[in-house]
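Notes follow once the structure below has been shown.
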Amino acid sequence: MSNKTSNSGAIRQKNKALILTAAKQEFVSYGFKGASIKRIANRANIARANIHYYFEDKTGLYQELLDEIIDTWNRSFDTLKEEDNPKDALTAYIRAKVIYSRDDPDASRIFASEIIHGAPVLKDYLSSDFKHWIQQKVAVIEAWIDKGLMDKINPYHLLFLIWSSTQHYADFNVQVCAALDKPKMTKKDFENVVASLTSIILKGCGIR
């Protein structure tokens, strides 16, 4: 590969990252309907025409941003298998989800907004890839239950509980900070969240 081709690829990757970061800020501030390609270009300090070079339209940009969020979230639980220790696997997953809420709260808020509005862009994903992904995880949890490694709970509701409790600290952070009487949560606060949720969820599943 020539240096010219390599440099071109690096520039393309850098520009896409700038656009996606700017788009994340725009969609959090205005939602999908209110978001503006012009403002995204201004945020990214890139000509509007350049955005259309990388993305066909606002929907395409929004779709890629959602795909990136989902890929990041799923990565920490993608390799789950029956041979894993449920305590270790669930502990790691809870921690990963809390840290995502700490480090990238906007991602959680964008996803929540999409779901609240009926998932107009994610409808196909929810009826296909997502369904396959969650069924695989449910099968593993059911296998752990059958082996007596955890109580007989509904695997779907366990996953819903993990998602809702961990993402709460991104989606409802203003309320959390008000309740804790502090301007923002610290890293220590998030470590307390990890410890508390892990203890509550594992004990609720009968995992010691």
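For the range 64-105, a residue qualifies if it is within 9 Å of the chain's Cα centre (by Cα) and either charged (D, E, K, R) or crowded, with 16+ Cβ neighbours inside 10 Å (or both), and the qualifying residues are Leu66, Glu68, Ile69, Ile70, Asp71, Trp73, Lys97, Tyr100, Ser101, Asp104, Pro105.
Can you pull out every residue in the range 86-103 that is in contact (Cβ under 8 Å) with a residue 24 or more places away in the chain and charged (D, E, K, R)? Outline the logic, then answer.
Residues of the range 86-103 in contact (Cβ under 8 Å) with a residue 24 or more places away in the chain: 86-87, 90-91, 93-95, 97-102.
Across the range 86-103, the qualifying residues are Lys87, Arg95, Lys97, Arg102.
Just one of (1) out of contact with any Lys or Arg (no Cβ under 8 Å at 6 or more places or on another chain); (2) crowded, with 17+ Cβ neighbours inside 10 Å; (3) closer than 18 Å to Ala22 by Cβ; (4) in contact (Cβ under 8 Å) with a residue 40 or more places away in the chain fails for Ser113. It is (2). Quick check, is Tyr30 touching a Phe, Trp or Tyr at 6+ places or on another chain (Cβ under 9 Å), assigned to a helix (DSSP H, G or I) and not hydrophobic (A, V, I, L, M, F, W, C)? No.
Rule-based calculations on the coordinates, nothing more; no lab input. What you are looking at is a predicted structure, and each value in this text was computed from that prediction instead of being measured. Neighbour counts are summed over all protein chains in view; Cβ atoms, including those assigned to glycine, are modelled from backbone coordinates with ideal geometry.
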